[in-house]
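Visitor: Just dropping this structure here.
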Amino acid sequence: MSPPPGLLCVPGEVGPNLTEDEFNDWYDNEHVPLRMAIPSILTTSRWVAVDGKRPHHLALYDLESCEVLQQPPYNTLASTASERERHVQRNLQLLDRRTYDLIEPSVVPPAAGYDESAPGPILITMEIEVKPELEDELNRWYRDEHIALLAKVPGWRRTRRFIIREAGPAKGSDAAEVTARGKKPKYLAVHEWQSTASFDTQELKHATSTTWRMKMFESAETWHGRTYKLWKAWAK
């Protein structure tokens, strides 16, 4: 059986030792192109937070599977990194790396006209941890109710769910703080929207206030959401 598609998720914070321009120039013109040259890295998207929370930056890499990260040419990139790449990564305040496996099958197909080369442009990530005895119900709620309701919201583009495979080690001056927070939540949902106007609709209010949804929310150990806007996207 072939491994599921994977996701590399990298929250980041520039910090005081680099400028945003320096960080973005390195990311857009060196870091991402080297990775997009690898056939098994299918898409990359970069996002910036619009919720006032930190970390401010997020990069998402869609992978044929997470196994490609353990194989050449990806696993040789660190040893061949340029001096600029080494400089930037040494001076970043935070680079927090997680890998995930896609939960298949997709429950609802993307909205009509969805283009992977132009995702979003608004993204909500939702990290959830529940007690083991509630995991089956959480997955049933997503499968049987939640994503279908989200798909009825004007401006919804796509929803995908993942299960964590590996987290860290983080790099940067805040790495110890990230490590001290403990393990990352097991489940990640990634919701793409056309605009934030969707958040004020009756359809979304209904999708996020059903009896079943409130039961899962109130019983969750972690229910952590973030909101971003698209910075730039790359696709094959």
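Visitor: Under 9 Å by Cβ, and 6 or more places apart or on different chains, what pairs join a residue from region 114-139 that is without any contact (Cβ under 8 Å) to a residue 40 or more places away in the chain with one that is of a type in the set (A, V, I, L, M) and surrounded by 14 or more Cβ atoms within 10 Å (Cβ to Cβ)?
Guide: D115/A235; N139/I103
Visitor: Which number in (1) touching a Lys or Arg at 6+ places or on another chain (Cβ under 8 Å); (2) modelled with pLDDT of 95 or more; (3) closer than 16 Å to T125 by Cβ marks the one condition that A220 misses?
Guide: Among (1) touching a Lys or Arg at 6+ places or on another chain (Cβ under 8 Å); (2) modelled with pLDDT of 95 or more; (3) closer than 16 Å to T125 by Cβ, A220 violates only (1).
Visitor: Just to verify a result, which residue in region 101-113, among those that are closer than 21 Å to W193 by Cβ and touching a helix residue (DSSP H, G or I) at 6+ places or on another chain (Cβ under 8 Å), is surrounded by the fewest Cβ atoms within 10 Å (Cβ to Cβ)?
Guide: Filtering region 101-113 for residues that are closer than 21 Å to W193 by Cβ and touching a helix residue (DSSP H, G or I) at 6+ places or on another chain (Cβ under 8 Å), the one surrounded by the fewest Cβ atoms within 10 Å (Cβ to Cβ) comes out as V108.
Visitor: Out of the residues in region 151-164 that are more than 18 Å from the chain's Cα centre (by Cα) and surrounded by 17 or more Cβ atoms within 10 Å (Cβ to Cβ), state the one that is nearest to R46 (Cα to Cα).
Guide: G155
Visitor: If you go through region 6-17 one residue at a time, do you hit one that is more than 24 Å from H224 (Cα to Cα) and assigned to a loop (DSSP other than H, G, I, E, B)?
Guide: Within region 6-17, one or more residues are more than 24 Å from H224 (Cα to Cα) and assigned to a loop (DSSP other than H, G, I, E, B).
Visitor: Between a first residue in region 22-50 that is among the charged types (D, E, K, R) and a second residue that is at pLDDT 95 or above and loosely packed, with under 15 Cβ neighbours inside 10 Å, which pairs have beta carbons less than 7 Å apart while being 6 or more apart in sequence or on different chains?
Guide: D28/K232; E30/S82; E30/R84; R46/K232
Visitor: State yes or no: is A207 in contact with a His (Cβ under 7 Å, 6 or more places away or on another chain) and either touching a residue at least 60 places away in the same chain (Cβ under 8 Å) or of a type in the set (V, I, T) (or both)?
Guide: yes
Visitor: Can you report the number of residues in region 114-142 which are in a helix (DSSP H, G or I), surrounded by 18 or more Cβ atoms within 10 Å (Cβ to Cβ) and among the aliphatic types (A, V, I, L, M)?
Guide: Looking only at that region, the number is 1.
Visitor: When you look at A118, is it among the hydrophobic types (A, V, I, L, M, F, W, C), out of contact with any Ser or Thr (no Cβ under 7 Å at 6 or more places or on another chain) and modelled with pLDDT of 95 or more, yes or no?
Guide: When the stated conditions are applied, A118 does not pass them.
The values are calculated or read from the model by the stated rules, or taken from the named source; none is laboratory data. Just so it is clear, the structure is predicted and the values come from calculations on it, not from any experiment. Virtual Cβ from ideal backbone geometry, glycine too; neighbours counted across all protein chains shown.
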